[in-house]
């Protein structure tokens with residue numbers, strides 16, 4: 001998570017959407033007044049703090065600052081998560097990892113943790129950017145915040161030689177498991193499909 005007091009915004013780090021890269025680039029917008037929340041700073045998690053906790057920890061900022069989150073196609077995001085966590089869980093095959101989506105094992109965050117209120121379905125943030133249009137949406141944020149414009153030059157934790165996400169889903173049940181886990185209604189609200 002990143003809070004800019006200079007430009008009055010909060011960036012919520014939804015996992016597996018180039019959030020480390022985005023934090024670094026949001027920090028470049030500031031002249032040192034921002035706060036980068038990461039592991040070991042007295043907050044749970046590794047900088048991926050959910051809005052419910054941000055509201056408690058930073059109530060004044062939550063009420064006044066512009067709130068930003070970036071999202072990603074859930075099927076693509078889950079492939080990224082697989083590459084990121086498979087060794088930790090001792091999982092070799094992607095279909096085995098898809099089974100984790102049912103149980104929610106491993107602190108898997110969903111859209112209703114970051115983007116939509118779990119009870120009302122209302123949008124929690126002011127701007128939803130997309131991983132698929134990272135640079136374009138980052139520039140939109142810069143325009144809204146009236147900051148100097150520059151592009152995102154690198155994506156830090158990109159998995160090398162990764163196949164297209166659709167190649168991982170070898171059975172329809174896998175596609176449906178992810179649709180169910182990330183909530184078909186919320187996926188539709190964000191305009192994502194398995195295509």
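The values are calculated or read from the model by the stated rules, or taken from the named source; none is laboratory data. Everything numeric here is computed off the predicted structure, so don't read it as measured data. Here Cβ is always computed from backbone atoms with ideal geometry, including for glycine, and neighbour counts include all displayed protein chains.
Does residue 170 satisfy being in a loop (DSSP other than H, G, I, E, B), closer than 21 Å to residue 81 by Cβ and at pLDDT 90 or above?
Answer is yes for this residue.
Considering every residue within segment 124-143, establish whether at least one is modelled with pLDDT under 90 and closer than 14 Å to residue 72 by Cα.
no
Mind listing whichever residues of segment 1-39 are out of contact with any strand residue (DSSP E or B) (no Cβ under 9 Å at 6 or more places or on another chain), buried (at least 19 other Cβ atoms within 10 Å of the Cβ) and assigned to a loop (DSSP other than H, G, I, E, B)?
15, 16
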